[in-house]
Amino acid sequence: MIVPRRVALRSLFALAVTAFTGGALGRIATRTTPGAPSGAPHDPLAFDEMYGGRRIRGFSGPGGTPVALVDGRPLHLMRCADGGYVSPIDHYASCPTPLAATRAAVDELGTAPLSRFAAAHGVHTDPTGGSPRGVHA
């Protein structure tokens, strides 16, 4: 029995679509937390969301220190004596979690972009004349 060419091509196309879809769904199902090695337990400091029109991400860094990113730029988080967190952008109030501290920094930034100096420890004045609070005018 000879299979018509059209039937063979349809079958190959359906097989390719099925294989591609299965592979893509498999990668989604086995995706881990950003920055976590494959098979690692859930990271309690991990977050990835849009907040105030910005993408904020967080995860545990070396030694379990929190790492926060605002639109892909690092935001330095410091641990307080009360167990909370503060950033150079909003260092007046202690926040209970790294997510809350990152949100507070985004609220303080408004529409200004995060300075490259916000990842450094402490507050630095931008040599180009920007604000010392980690924002560019």
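The values are calculated or read from the model by the stated rules, or taken from the named source; none is laboratory data. What you are looking at is a predicted structure, and each value in this text was computed from that prediction instead of being measured. Only protein heavy atoms, including side chains, enter the accessible area calculation; ligands, DNA and RNA are left aside. Shrake-Rupley method; radii C 1.70, N 1.55, O 1.52, S 1.80 Å.
For the range 51-96, the normalised intensity computed at q = 0.23, 0.27, 0.31 Å⁻¹ comes to -0.89, -1.11, -1.21 (log10 of I(q)/I(0), Debye sum over alpha carbons, equal scatterers, no solvent). For the range 47-122, the share of accessible area belonging to carbon and sulfur comes to 56 percent (1.4 Å probe, ligands and nucleic acids excluded).
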